[in-house]
Every structure is written in C-alpha cells, then in structure tokens.
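Following: one structure in structure tokens, then a few remarks.
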Amino acid sequence: MLEIRDLDVAIGRHTIVSVERLDIPAGTRLGIVGESGSGKTMTAMSIVGLQPNTAVVSGSVRFNDRELVGLSDRRLAEVRGRDIGVIFQDPAKALNPMMRVGRQVAEAIRLHMDLPRDRLRARVLQLLTQVHLPDARSLMRRYPHQLSGGQQQRVLIAIAIACDPKLLIADEPTTALDVTVQSGILSLLRELSVERKMGLLFVSHDLGVIQTISEVIGVVYGGQLVELGPARRVIRQARHRYTQALVSANPGIADDEHLGEIVGRQLDVIPGSVPALDRFPSGCRFRGRCSAEIASCAQPPEISVAGDGHIFKCWNPIEVVAGSEGDLDAAS
Amino acid sequence: MARVITRSVLSLVLAAFVGSMIVFGLLRSIGGNVAHVILGQYATPGALEALQEELGLNAPWYVQYFSWLGGVFTGDLGTSYSARFDIFDEILRRLGPTTLLAFGSLLISIPAALALGTYSAIQVKKLRGGVIDVASQIGIAIPAFWAGLIMVLVFGIRLGWFPTGGYISPFEDLVEAVKGLVLPTLALSLGITSVLTRYVRSAMLDVMGEDFIRTAMAKGRTRRGAARVHGVRNASVSLVTVGTLQLGALMAGTVVIENVFVIPGIGRLLVTSVLGREVIVVQSLILVILLMILVMNFLMDIAYVLIDPRIRDSQGGKAVA
C-alpha cells in the first residue's frame, strides 16, 4: 500500500534521513524505533508533506500507486486526512485552543465529505464514541484546555480516523502521556487498526511501546533504516549491533523466562550519544559507538537479507546459532 | 463573562478617577496662576481678581477639583472665557466627529492589518509578502499630517473625488458625511495599520509553527487554509494587545488630522483652546480624550475574552473540569 524508495530528507546541505526501502502493506502495523534525533519523526512527516518548511524531500513515496513526493500542497492536502491520518506527540498543543472540540472534529470530516449538518454532527458523536470518550455530547462543546491529555489524544485520534484512512501515522503519540493513559491509547490504536484494517506507522523512541503495538519493526539510526523485520525476529534475533544494544538497554523487553537474568543486573547502556548531523562517521553511522567494529565498517554497509522479510545493514552482524531455541527460521 | 465585564468597568472607573486627578494636578502645577495665563501678561490686577473670582480659583485646590469633577456629571463645566461657549455642550457637540474618526480608523486598521499581515506571513518567501513588509515600514515612517496633505492634494484637489475638508453630520446627509470622512480616516489609519500589520505578520509567523497548524494540515487543509482558519484567530490575541497600546497614538493622530481636514472635533477644539490659553477648556478636553482611550481600552478587554476561551475560563471563574 505504501512504498518508500530512496527517500531523502535534507535541511540545507545535510541529509537528515535516507531510507532506501520501506513498505507498509495494507493493514500492517509497523513500528519505527530510534533515539531522539535519529530522524524517525522526519521520515514519518515527510510521507505526507508535513516536514518543516526548511526540509527538502526527494525520492519516492507511493501510496496505492500514487506518487506523493513532489505533489503540490493542495494535492497532498487531498490525501491527508482522507487516505492517511496523522496523530502527533503533544496532544496539548495539537488542538487549536480557540475552537470547540466538536468543530475541530467536524472540520476533518467536512474537508473531504459533504454532509448535511445533522449527519455531520452524528458522525462527530460516533467518532468520539469510537475512541471511547464518554459523554461525547457535552465534550463536543468544550475547548481543548478543558480536557485531560488522554482525552485530547483521543480527540486527535478521532480526527485522524474521521474519513476512514487506510494508513494512520502516529508520531510518538503516547510520549507526553502518563503510563496508565499510554496503555489505553495503545490498545485503542491497536483495536482501530484491527477493526478497520487500517495500516499503522507508529514512531517511538520506546522499544517497549513499539513491541506492544507492532507486527513489523524498523530500527532507525542516524537517519537510516538499519534493521527491519517481523517484530519477534527483530527483538529476539537482532542482527544489527545497534538493535541488539537497544534491546539489551531496555528492561521491558525481557519475557518471563529471561526475567531472572535481568533483575538485579545493571542494564546495558549504549556508549556515547547520537552525533550531530554533520558529525557522523563515514561508512556505518554506528561506528565509534559499536562494540564489534571491524575494518569494513568504514564502508557504507549494504542491505543483507536474514530471511523472511528480515533485512539489516551491518558488516559484522550478530550470528544466529542454528538450531538454537531462538532460531525462528527453523521453526517457521 | 459578566464577571469580566464588571471587573473591566471597575478598572475603567478607577483609571478615569486617577486620570482626572493627574490632568487637574498637571495643569495647575505647570500653569502658575490660571487667570494670569488666560488674560496674558498685560492684565490689570483688577481684571485678574475678577476672573479668579469667576472661575472659582480663590477656593482651595480640592474644592476646585471636586467642583470640576462634579461638573463632569452635572453637565456644567463652566463657560469659555474668550469664546463664551458652554464648555460641556461644546464638547458634546464635538464628540461626534472625533468618535467617528477614531473608531472609523480602528474599524479600517484592524481588519486591514489582519489581512495584510496574514498574507505577508504566508507569502514570506515570495516577493508579494516582501512588498507588504516594505510598504508597512514606509507606512510607519510617514507622518499622518503629511499623508493627509498628500491625499487632499491628489484625491481632493487633483481628482476631486472627495471634499478637502470640513465635516457634515451623518444625520444630515449620510453620503456626504461618509465622503467627507474617507480621506481623514485613511490618513489616520495609515500609520496604525502599518504598525499592526507588522505585529500580525510576526504573530502569524509564530502561530504557523504551532502544532495545531500541523494538525489542521493533517486533516487535509493546505498551509494557507490552515493559516486562514486556525492561524488568524490565534494571531489576533497579540493584535488586541498591540492595538490597545496604539490607542494613545490614535488619539494624538486625531488631533493632527482634525486640524489638517478642518474637522470640528475634540482635537481641533484642543488646539484652538491651547492657542487661546483657555486652561479651563483644555483641562476638560484632556479628560475627554482620556475617557475615550479608556473606553476603547475597555472594548479591547472584552475583545480578548471573546477571542480566547482560555482567558474566559481563567478570569471568568467558570471552571470546567
């Protein structure tokens, strides 16, 4: 449904994001994980032309065989909201503070459908109910600042799904929320995706969150997709050194049988931090922070296939022991 | 809402009261002997004495102040010394033209600034946006009286489209009244429009970076559509703030423009009264101008609340959980 090829996003002379190949088949939930500043948000936003004004997008993004890169703002606006919905990181800022909630939801419908007043109103109520907001009738008349963060994000989800889009882009939608509210939003997004067969592109720095919601996981480092594959494989059989480092830095990833190994142990940390845009080393961008560097890492890594939709870009990947408990290839 | 209005009215009354004291105090402290100022340096002691008695200047200052203040409410501000008109009636008569001029200019400036500022913010990278930006710079630099004179020259004398001056009450002849007000109103609003345009422009540029603009675009608005529907209203909050600060300049401009276009308003009376050394008249005129600014200020306060629901909730005390 969505096919990204050689997508580059540049600000000034610096290329911030370059994604060679990323597909989202219809109805698939894809999670993109990466550190802050890794360009994951920029990737997601550039799909629908919501990148900052200063960013220049090149390459190809095809949505149901329609090229999106290079479309005018007017043409892209027709796609946004109707075919592709978007929700954002900070729900408190994402709603217009001076407009009633009901009108903001109605606007999303009106932009793509011509409905009479009463049916429009019914549709708004229906949407607010679908995102599990109680008392939708009185909520419509409220202003955003009169709502809690979780309610605001639910309103934004209602806005994003107003026209039954085929794909929902969710950029760190739970980051600004409490943990309890977070899980509610996550299960809502999963439910909507399953019920409506709606694809989901979920961006987060939190591998635990990504793992909860995704069928496919993409790992981004330094603006590049370094590993992509089925969620279980990427977590359990990571090939890229960065993915592995990310997994072992995250306590939430351990399943019950491995819990004992983690409790009481210090968590692994990835040494150093993501360099500034113009400071990335040549070749593999993870060079310098990686524990398994070899000579060829000075060359840009190529895409290797680990089987069954699992690809990675690493010169010295983690070897998978054949026949081991974690070898999912043998199992499938 | 009612609470906000009550509070604004109270602060208006308080400000008017304090303002009247300052006006009275300033004029009495700089003028020396008021009768002397009015009669000039060749006045005889007998004439001075008689005028002081007539104006009540022999009473203590607080008696003078309160009798003046009382006069504001009872409609008795005394009589002009040399022109012999009733001051209260004359001010009432001249309030009309000034009010029309001042509010007319605001009614032009605010929408014009919103439109121009928004447009130049959206077209920020293009020539058209730049032209507005430069034009607004020039508009700020041009003095109102000069703009007025040029307009009289071009549209009044050369083209003959509008009268070059004078004033006709809209109750007498609406068409002629409007025609007469066009040039002075435009001349007066030029500077204010320019200042406000620049503020709207920078406010819009800020607002366009807000998340809710991105949300609007995600719904299917174009950047321009998002600016129109969601940007303008948010940017107008700062327009109201700056607009309030411009009210003083607006009234000062009214004084100048009334003299350029020979409009019998408060401003023209102020200038003739100052030249005629009519201290008593000047004192009441300044109070009237002060009151006009306070009333417009009050209206701006109300506008704030109407525009921004967050202010409504925080000030109106209507907490919604």
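The values are calculated or read from the model by the stated rules, or taken from the named source; none is laboratory data. Every value quoted in this text rests on a predicted model; they were computed, and no experiment measured them. Because the Cβ atoms are built from the backbone with ideal geometry, glycine has one as well, and the counts that use them run over all protein chains shown. Surface accessibility is based on the protein's heavy atoms, side chains included, excluding ligands, DNA and RNA. Shrake-Rupley method; radii C 1.70, N 1.55, O 1.52, S 1.80 Å.
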Among A:VAL105, A:VAL86, which is the only one that is in contact with a helix residue (DSSP H, G or I) (Cβ under 7 Å, 6 or more places away or on another chain), facing chain B (nearest Cβ under 10 Å) and part of a helix (DSSP H, G or I)?
A:VAL105
Among the residues listed as B:THR98, B:THR164, the single one being in a helix (DSSP H, G or I), of a type in the set (S, T, N, Q) and in contact with a helix residue (DSSP H, G or I) (Cβ under 7 Å, 6 or more places away or on another chain):
B:THR98
Restricting the search to region A:137-156, which residues are within 18 Å of A:LEU177 (Cβ to Cβ) and among the basic types (Lys, Arg)?
A:ARG154
Scanning region B:81-112 for residues that are of a type in the set (S, T, N, Q) and surrounded by 18 or more Cβ atoms within 10 Å (Cβ to Cβ) gives B:THR98, B:SER105, B:SER109
Residue identified as within 14 Å of another protein chain (Cβ to nearest Cβ) and either of a type outside the set (Asp, Glu) or not in a helix (DSSP H, G or I) (or both) among A:SER138, A:SER193, A:SER183
A:SER138
Single condition B:SER82 does not satisfy, out of (1) part of a helix (DSSP H, G or I); (2) within 26 Å of B:GLY56 (Cα to Cα):
(1)
Residues that are at the interface with chain B (Cβ under 8 Å from one of its Cβ atoms), in contact with a helix residue (DSSP H, G or I) (Cβ under 9 Å, 6 or more places away or on another chain) and touching a residue at least 12 places away in the same chain (Cβ under 8 Å): does region A:57-73 have at least one?
yes
Can you spot a residue in region B:146-154 that is over 17 Å from B:VAL182 (Cβ atoms) and either open to solvent by 80 Å² or more (accessible area, probe 1.4 Å) or modelled with pLDDT under 90 (or both)?
yes
Quick check: is even one residue across region A:146-161 among the charged types (D, E, K, R) and closer than 26 Å to A:ARG62 by Cα?
no
Please state which one of B:ALA115, B:ALA121 is surrounded by fewer than 20 Cβ atoms within 10 Å (Cβ to Cβ) and under 17 Å from B:GLY231 (Cβ atoms).
B:ALA115
Does B:ASP211 qualify as being within 7 Å of chain A (Cβ to nearest Cβ), open to solvent by 30 Å² or more (accessible area, probe 1.4 Å), out of contact with any Pro (no Cβ under 6 Å at 6 or more places or on another chain) and at negative phi?
yes
When you scan region A:21-41, do you find a residue that is surrounded by fewer than 16 Cβ atoms within 10 Å (Cβ to Cβ) and within 14 Å of chain B (Cβ to nearest Cβ), even just one?
no
For residues that are more than 7 Å from chain A (Cβ to nearest Cβ) and buried (at least 21 other Cβ atoms within 10 Å of the Cβ), scanning just region B:217-235, find the one that is farthest from A:VAL48 (Cα to Cα).
B:ALA235
B:ARG277 open to solvent by 20 Å² or more (accessible area, probe 1.4 Å), touching a residue at least 12 places away in the same chain (Cβ under 8 Å), in contact with a Leu (Cβ under 9 Å, 6 or more places away or on another chain) and within 14 Å of another protein chain (Cβ to nearest Cβ)
no
Can you report the number of residues in region B:222-253 which are touching an Asp or Glu at 6+ places or on another chain (Cβ under 8 Å) and not in a helix (DSSP H, G or I)?
1
If I filter region A:114-127 for residues that are in contact with a Gly (Cβ under 9 Å, 6 or more places away or on another chain), open to solvent by less than 50 Å² (accessible area, probe 1.4 Å) and away from chain B (no Cβ under 11 Å), do I get at least one hit?
yes
Those residues of region A:166-204 which are touching a residue at least 60 places away in the same chain (Cβ under 8 Å), more than 19 Å from A:GLY150 (Cβ to Cβ) and open to solvent by 10 Å² or more (accessible area, probe 1.4 Å) amount to A:LYS166, A:LYS197
Is it the case that region A:60-69 has a residue that's open to solvent by 50 Å² or more (accessible area, probe 1.4 Å), part of a loop (DSSP other than H, G, I, E, B) and out of contact with any strand residue (DSSP E or B) (no Cβ under 6 Å at 6 or more places or on another chain)?
yes
Would you confirm whether or not region B:241-254 contains a residue that is without any contact (Cβ under 8 Å) to a residue 40 or more places away in the chain, over 18 Å from the mean Cα position of the chain (by Cα) and surrounded by fewer than 22 Cβ atoms within 10 Å (Cβ to Cβ)?
no
Conditions (1) touching a residue at least 40 places away in the same chain (Cβ under 8 Å); (2) open to solvent by less than 40 Å² (accessible area, probe 1.4 Å); (3) within 14 Å of chain A (Cβ to nearest Cβ): number failed by B:PRO309
(1)
Among what's in region A:89-102 and is outside any loop (DSSP other than H, G, I, E, B) and either touching an Asp or Glu at 6+ places or on another chain (Cβ under 6 Å) or free of Cβ contacts under 8 Å to residues at least 12 places away in the same chain (or both), pick the residue that is nearest to A:ALA136 (Cα to Cα).
A:ALA94
